[in-house]
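The values are calculated or read from the model by the stated rules, or taken from the named source; none is laboratory data. These figures come from a predicted structure and were not determined experimentally. FYI the Cβ positions are ideal-geometry reconstructions off the backbone, even for glycines, and counts take in every protein chain you see. Areas reflect the complete protein model, heavy atoms only, side chains present, ligands, DNA and RNA absent. Shrake-Rupley method; radii C 1.70, N 1.55, O 1.52, S 1.80 Å.
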Amino acid sequence: MTAPALLPLSGRRIPPLNLGPPSFPHHRATLRLSEKFILLLILSAFITLCFGAFFFLPDSSKHKRFDLGLEDVLIPHVDSGKGAKNSGVFLIHGPDEHRHREEEERLRNKIRADHEKALEEAKEKLKKSKEEIQAEIQTEKNKVVREKKMKENKSLPPVPLANLVGISGGDPEDNNVKKKREKIKEMMKHAWDNYRAYGWGHNELRPIARKGHSTNIFGSSQMGATIVDALDTLYIMGLHDEFRDGQNWIENNLDFSVNSEVSVFEVNIRFIGGLLSAYYLSGEEIFKTKAVQLAEKLLPAFNTPTGIPWAMVNLKRILLLPDVFITGSFSSFSGVGRNWGWASAGSSILAEFGTLHMEFVHLSYLTGNLVYYNKVMHIRKLLQKMDRPNGLYPNYLNPRTGRWGQYHTSVGGLGDSFYEYLLKAWLMSDKTDHEARKIDDDAIEAIEKHLIKKSRGGLVFIGEWKNGHLEKKMGHLACFAGGMFALGADGSRKDKAGHYLELGAEIARTCHESYDRTALKLGPESFKFDGAVEAVAVRQAEKYYILRPEVIETYWYLWRFTHDPRYRQWGWEAALAIEKHCRVRGGFSGIKDVYSSTPTHDDVQQSFFLAETLKYLYLLFSNDDLLPLDHWVFNTEAHPLPVLHLANTTLSGNPAVR
Ligand code: DMJ
């Protein structure tokens, strides 16, 4: 069975509905051989022209100036009269003058000979066969790649690790809880082992067809997304053999020099987030090295008129061929970026360019290179300068013009993790980034005022602002906000901590209802509040469940802050439903219709199922000393990153803090 074309294949954004040819022209990475010949011909003609212009054109003041410059550089200094010096002209007399003429003649001859030699060489090159030229270019290329690899694999300067608290343990005393935790670990083993057996190295797994799977967010190459996304979950569950297996694959196979167009957002949250987290937990340098290599590949995405990155970037830097001929080097490269064809007016997406802060600040922290930090701070500043309708941030922003696209606002798909990262920027700075907290407080107040409503039946939900009115529909993705409100309660304005904890609990209740009102006890992709309909999907295309984590994520945060047993109970209900309806022989699969008691599978085991869903479930049945929240902040893909205690330092160049 294949995945339904209508199901989104990625995270919190609306993916294109089919994977047809890209709507933008494909960029060729190299020139054809015939083009190279033409280039060579033009070059030799150009040299001849310069040569002729220089030596055979009539004398002119320009020529003189150039001549003098040349003398200045090449001829030993010649005495000059004071007055003459003042007029800017060098006067040369007697035997010196004669010696100078000879010297000049000698130089002219030498230059002439050099140019003739260069022309001869160019002609020689043209006589060579296609194959010979190709071979020469290939040898040069290989040399550059070798040198580049050697440079890349040089390990980064050692950085004293932050004080890492609670990277293992969390064993519950209660036997019943212990058993549940063991069961979640067994589910992780099942997901991992099958990926290991049937999808190893591919991005994801088709658990029914039992083969590899991928989507356009990962580009066209096999980057082992599931391995990278799963590492930290394996680590905290104590699955160390599996962790090492993953580490070996990364060390030997994870290569970013591929001609592949990837989503900047997805690669950042899953790969850079996953690698950084694996690095902090295990201390293995290779993860940091790979994270930095990959981050460098994403940087060209920021080369836009505004500095708002493109949604996609080609990991392969395109070689500028004229460089090879002119300077003989392969040093000029540029990544190519573009936006999703479906996004309003060529815009970048709020939840994508607004979900880089955590990872990029950590990259600067670990490397001492401020380029990453500056990129995300620039985005923050730019957004703060812009007008915001009702204090809300529209989902679309054009990176060329710096103008908003359609005024759609959402805490679900396309907007979600932007709001999440405002709060987490403050938390990860050890609560010292007050600017981030202020921006977050303003945004949360606007969300509460304009997007949050109570249904007739008393369920609190977050709607979406579209075309001037509030759509009473909430996405599964927006369910993460229950956890976000709870996490941000402490430190909120006007001491409204109790209020935000309560709001988080209300959202958790609503999202639980969306699960409870289905046949399979698994939540739909989005649900409505319309008349008699409450927390139920109406359209067929919204009835699927693709192993998403957001509802369980909210249960876990609420559990940590309240220890109300209902959250463990609801989490366990979800775990049992996943086990019963999503588990198949070859792993776990999403489901097409959660209202049908005879489920049909979509045959995709999403990488976030291992990164997030199973991790949050495991933490829900662990004690709070495993990854305590005052020491760790989870990125939007559930990869824990340590709080940076930078209170008395800045990121700008003090090596002691790194
Ligand atoms: C994950 O990739 C991340 O949580 C992302 O922010 C959006 N959603 C998916 C899982 O649903």
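Inspect all residues belonging to region 256-278 and state whether any of them is over 30 Å from SER168 (Cα atoms), part of a helix (DSSP H, G or I) and at pLDDT 95 or above. Looking through region 256-278, at least one residue is over 30 Å from SER168 (Cα atoms), part of a helix (DSSP H, G or I) and at pLDDT 95 or above. The condition (being assigned to a helix (DSSP H, G or I), in contact (Cβ under 8 Å) with a residue 40 or more places away in the chain and over 26 Å from the mean Cα position of the chain (by Cα)) is satisfied by just one residue among GLU513, GLU534: GLU513. Of all residues in region 104-123, those being open to solvent by 70 Å² or more (accessible area, probe 1.4 Å) and under 15 Å from ILE42 (Cα atoms) number 3. Pairing residues of region 559-573 that are under 17 Å from ASN176 (Cβ atoms) with residues that are open to solvent by 70 Å² or more (accessible area, probe 1.4 Å), at Cβ distances under 7 Å and at least 6 apart in sequence or on separate chains, gives GLU573/LYS521. What's the total number of residues in region 127-137 that are assigned to a helix (DSSP H, G or I) and surrounded by 12 or more Cβ atoms within 10 Å (Cβ to Cβ)? So the count comes out to 5.
Just checking, how many residues over region 580-597 are more than 16 Å from the ligand (Cβ to nearest atom) and crowded, with 24+ Cβ neighbours inside 10 Å? Within region 580-597, residues that are more than 16 Å from the ligand (Cβ to nearest atom) and crowded, with 24+ Cβ neighbours inside 10 Å number 1. Return the total of residues in region 404-437 being within 16 Å of ARG493 (Cα to Cα), more than 16 Å from the ligand (Cβ to nearest atom) and either buried (at least 21 other Cβ atoms within 10 Å of the Cβ) or free of Cβ contacts under 8 Å to residues at least 24 places away in the same chain (or both). Adding up the residues that qualify gives 6. For region 598-646, which positions are of a type outside the set (D, E, K, R), assigned to a loop (DSSP other than H, G, I, E, B) and within 15 Å of the ligand (Cβ to nearest atom)? Within region 598-646, VAL604, GLN606, ASN635, THR636, ALA638, HIS639 meet the criteria.
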